[in-house]
Amino acid sequence: MGHKKRNAAPRLKQSPAAVQPLVGEGDAVVSVPADTTLALVEADSNDALSIKIESSPPIESDGSSYSAAKLECERALTALRRGNHTKALRLMKESCQRYENSAHSALIHRVQGTVCVKVAAIIDDPNAKQRHLRNAIDSARRAVELSPNSIEFSHFYANLLYEAANDGKEYEEVVTECERALGIEKPVDPAKESLQEESQQKISTTEARIGHVHNELRQLIQKSNIASI
């Protein structure tokens, strides 16, 4: 079983569907190390630290409202990049509350998931690490519920479930989410919900971008099947 994935420390069980409250830990400022135990999820969430969000506002949404939501996400990501994880968590918690019933709520929860998983990767306390990972999963799940046609959100959520999985049933949940995403008839173009600038997109067409995420989902299914043995 040479393909067994590297264990993250600590491992955790899947948390309930409701988003758990984020717990502040004082205004400590920390530096972000180059290495992390959450390699799989970090590959996705590192894009967030470019401090640009290229998600197109929904047609029915107000442009100024979208710009304000985007700016709040960028402020939180800037705080995270500068090492102030407490401020980043606070800003995203406030944004989730402020935009709870808006058309931008899915994006807000997706970014909150990124902030939580990055914070989990840079702290040592096992209980705090586990709490932030649970919060990341809950935020990612909420983003998927709010935007079920987003394969980017689904891939992020499935990656988090994979990191948290400990047994066959939990790996089955990863596979189920991946298969759901692969079955979406009209998936949202991943570039519309990317945390990168448009100029940074390495794949030029919508079809190719969707195909790339589909391949990532299939690889995650394979890894989950192997890890569950």
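The values are calculated or read from the model by the stated rules, or taken from the named source; none is laboratory data. Since we're looking at a predicted model, the values are computed, not measured. Here Cβ is always computed from backbone atoms with ideal geometry, including for glycine, and neighbour counts include all displayed protein chains.
Output the residue which, of all residues in the stretch 195-219 that are surrounded by fewer than 15 Cβ atoms within 10 Å (Cβ to Cβ) and among the aliphatic types (A, V, I, L, M), is modelled with the highest pLDDT. Among those that are surrounded by fewer than 15 Cβ atoms within 10 Å (Cβ to Cβ) and among the aliphatic types (A, V, I, L, M), it is 208.
Of 192, 129, all but one fail to be at pLDDT below 95, buried (at least 19 other Cβ atoms within 10 Å of the Cβ) and not hydrophobic (A, V, I, L, M, F, W, C); the exception is 129.
Does residue 174 count as out of contact with any Leu (no Cβ under 6 Å at 6 or more places or on another chain), surrounded by 22 or more Cβ atoms within 10 Å (Cβ to Cβ) and of a type in the set (Val, Ile, Thr)? Here the answer is no, as residue 174 does not meet what is asked.
Being hydrophobic (A, V, I, L, M, F, W, C), touching a residue at least 60 places away in the same chain (Cβ under 8 Å) and in a helix (DSSP H, G or I) holds for only one residue in 221, 210, 226, and it is 226.
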